[in-house]
Amino acid sequence: MYLRFKITGVLFLAIMVLLPFGGYAQDLPFLPALERYNSQDSGDFASGELIYVADGKDLGSETYTITKKIGGKVEVTSEGVVTPPIPIPFIKPKIKYSQTIVLSEGLVPESLFLEYKGPLGIGNQKISVSVDGEDVLAKIGNDEKKAVVDPEKSVFSGIGASQALFGFILSQREGATQFTEIRSGGSGPPGDDQKLTVDIILQKKSDRTLEKSDQTIEVTEYTFVEEGEGTRKSFLVKDGTFLALISRDSENPFYIYRGDVLGEDFEF
């Protein structure tokens with residue numbers, strides 16, 4: 001999922017974010033999101049803070065919470081702020097955003113709502129995506145896009161927290177090798193704004209070790225490639241808890257990581 005911010009039709013950036021919970025504070029025992037989800041009928045099972053980095057620059061942050069509702073639905077809520085990497089005279093614009101995602105009991109996408117708020121109203125945007133059976137309808141400002149998907153194999157690809165949710169889904173659906181991303185608001189790769197859905201295929205699954213100060217964290221790395229594009233991205237997950245997304249797009253490489261777990265100065 002890449003995230004692209006726009007100010008009056010001008011492209012800001014493509015970053016998928018990426019983040020959004022059930023993580024652990026740095027001095028507390030680690031309780032995996034998958035374990036929390038499976039052991040409770042309702043309540044928050046994941047939360048955290050995401051940090052976005054591109055070209056060595058800190059572009060913004062996001063906080064999120066993932067909740068299991070009574071009856072089994074899952075809801076993601078997140079909010080954050082990003083500084084677009086484009087020059088605007090005399091100001092350093094910051095775009096604030098909020099996002100809500102709802103999945104059915106079987107972790108099937110139902111709805112996504114995303115709102116951007118820019119300085120002085122510049123870049124304001126509302127985006128909603130709904131899934132009804134196999135039909136997807138996206139409303140992006142005054143525009144509409146439609147697509148047909150297999151809902152059982154589809155995931156929302158919005159702001160960072162949607163990527164954290166996907167990391168959890170990967171742990172929940174061990175053995176799944178192909179997904180369809182439902183992308184919101186130009187979150188596709190550069191030059192490909194019109195695609196509402198993109199298939200991604202699992203290329204490799206492996207173990208990896210992350211090192212922070214005097215601690216190591218053993219994680220699972222899922223590397224996906226976009227069908228027909230070749231763009232690769234890796235999700236680093238520990239038992240359902242999202243830790244990072246690394247995009248290896250040749251033109252716009254970036255990564256998103258859990259600052260509350262790995263530390264604010266962590267680097268890949």
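The values are calculated or read from the model by the stated rules, or taken from the named source; none is laboratory data. All values reported here derive from a predicted model rather than from experimental measurement. Heads up, the Cβs are rebuilt from the backbone with ideal geometry, glycines too, and the neighbour counts pull from every protein chain shown. Calculation scope for accessible area: heavy atoms of the full protein, side chains included, ligands and nucleic acids excluded. Shrake-Rupley method; radii C 1.70, N 1.55, O 1.52, S 1.80 Å.
Against the list (1) at pLDDT below 95; (2) over 16 Å from PHE166 (Cα atoms), the condition SER42 fails is (1). Every test in (1) touching an Asp or Glu at 6+ places or on another chain (Cβ under 8 Å); (2) acidic (Asp, Glu); (3) open to solvent by 80 Å² or more (accessible area, probe 1.4 Å) is passed by ASP150 save one, and that test is (3).
A search for C-beta distances below 9 Å between a residue of segment 150-173 that is farther than 17 Å from SER130 by Cα and any residue that is part of a loop (DSSP other than H, G, I, E, B) and open to solvent by 20 Å² or more (accessible area, probe 1.4 Å), counting only pairs 6+ apart in sequence or on different chains, returns ILE169/ALA176; LEU170/ALA176; SER171/ASP239.
The residues on offer are LEU137, LEU120, LEU112, and the sole one that is in a strand (DSSP E or B), over 22 Å from ILE201 (Cα atoms) and open to solvent by 20 Å² or more (accessible area, probe 1.4 Å) is LEU137.
Yes/no per residue for (1) out of contact with any Ser or Thr (no Cβ under 8 Å at 6 or more places or on another chain); (2) open to solvent by 50 Å² or more (accessible area, probe 1.4 Å); (3) farther than 29 Å from LYS96 by Cβ; (4) modelled with pLDDT of 90 or more:
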| site | (1), (2), (3), (4) |
| --- | --- |
| PHE156 | no, no, no, yes |
| GLY188 | yes, no, no, no |
| LEU196 | yes, no, no, yes |
| VAL225 | no, no, yes, yes |
| ARG248 | no, yes, no, no |
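For segment 90-109, a residue qualifies if it is closer than 24 Å to ASP44 by Cα, open to solvent by less than 40 Å² (accessible area, probe 1.4 Å) and part of a strand (DSSP E or B), and the qualifying residues are TYR97, GLN99, ILE101, VAL102, LEU103, PRO109.
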